[in-house]
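Let me begin by presenting the structure, written as structure tokens, before commenting on it.
Taken together, the values in this text are just the output of simple stated rules run on the coordinates, not laboratory data. The model shown is predicted, which means the values in this text are computed figures rather than measured ones. FYI the Cβ positions are ideal-geometry reconstructions off the backbone, even for glycines, and counts take in every protein chain you see.
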Amino acid sequence: MLCSIATFVRVILFICLLCLTVLADFFDPRVDPSTLCPWCDEPLPKAPSPWLITLIASVRQKSISDPRPTNPQGVWASPTVYAHVCARHAFEDQHIPMAEAKGWPTRIQWSEVGNRIVAMKERLQAIIDDVDEEFIPGRQKVGEEANRTEADKPVADDWEDEELQQARPRKGSVFWRDVVKNVRQQGSKQASGVRGQFSSFEKTQPGYYGELGFVIISQTIYDLFPPHSLDSDSTLPLIPSEFLQLILIPEAAVGLIMEDMNQSRKASIKTLRESAEYGVAMFPDEGGTNVGEN
């Protein structure tokens, strides 16, 4: 009888020890539960973006409390409710360290962007004023090689000549040259059509400023240079609104990146293109310029 009791006690003690071991595996008291994802219990980024924090707070309101050994502050919701939060979580885990390694910002002072662009007005106005003679009505037709200078010849997309940029602000712009190249290859109607604009649009995204930056930059440019204030002949082969979209907006973005990164113009154009995908995901336009504010 005593043997049976002793065996029973040993079994109970073993079970208790096993339970404690399992619980220890589930919950580490050294971990701050607020640093865990409320749904999947995985560690959040060390410095989650304001947008991720906003998403978590919003979706938490649609969830119910679900404390568990892996996360005392856990909540529950249908996966369809929080899937986009997990996608954002995964994006920041992977891409923010990469962005930081490249020196791209993870937070931007959005309230200052407009004024920074206003400070570029003189330089942007110079691009407007530097009319490309090739497209003045009655002058040389597109596609004619006669009398074309070296500055008119097709060049690599990332080619930059600072002397030309200073002497001829528009003809020295890589974005203008891209438009001219498309016109020569496709004709003015196709180049300014939907397909041609989409091709150029991919190259004129504002880099790591993303969708939110695009909205702010666009609004500022349109306020500074309303399309109706531009001579329609001076922007040919583009109409004024296309000129703002495809030339001035990316030029303003390059100027911002040059200031942010303390880079040359050529390096900033490279950054603009390399960081475009990151910018779209990092700073989406969700109807509020406070997202991502420092």
Completion exercise
Quick calc: nm separation of the 7 Å Cα→Cβ label points for Q166 and A101 -> 3.8 nm
Practice task
Within 10 Å of each residue's Cβ, count the other Cβ atoms and sort H89, H95, H84, H228 from fewest upward.
Solution key: H228, H84, H95, H89
Exercise for the section: Please give the FRET efficiency for V118 paired with A57, using the beta carbon to beta carbon distance and R0 = 41 Å, rounded to the nearest 0.05. Expected result: 0.75
Practice task
Kindly put S34, S232, S218 in sequence by how many other C-beta atoms sit within 10 Å of each C-beta, fewest to most.
Solution key: S34, S232, S218
Exercise for the section: Would you pull out the residues with amide H under 5 Å of Q73's amide H, same chain only if 5 or more places away, H placed 1.01 Å from N? Expected result: R68
Exercise for the section: Would you mind ranking E251, E277 by Cβ crowding within 10 Å, fewest neighbours first? Expected result: E277, E251
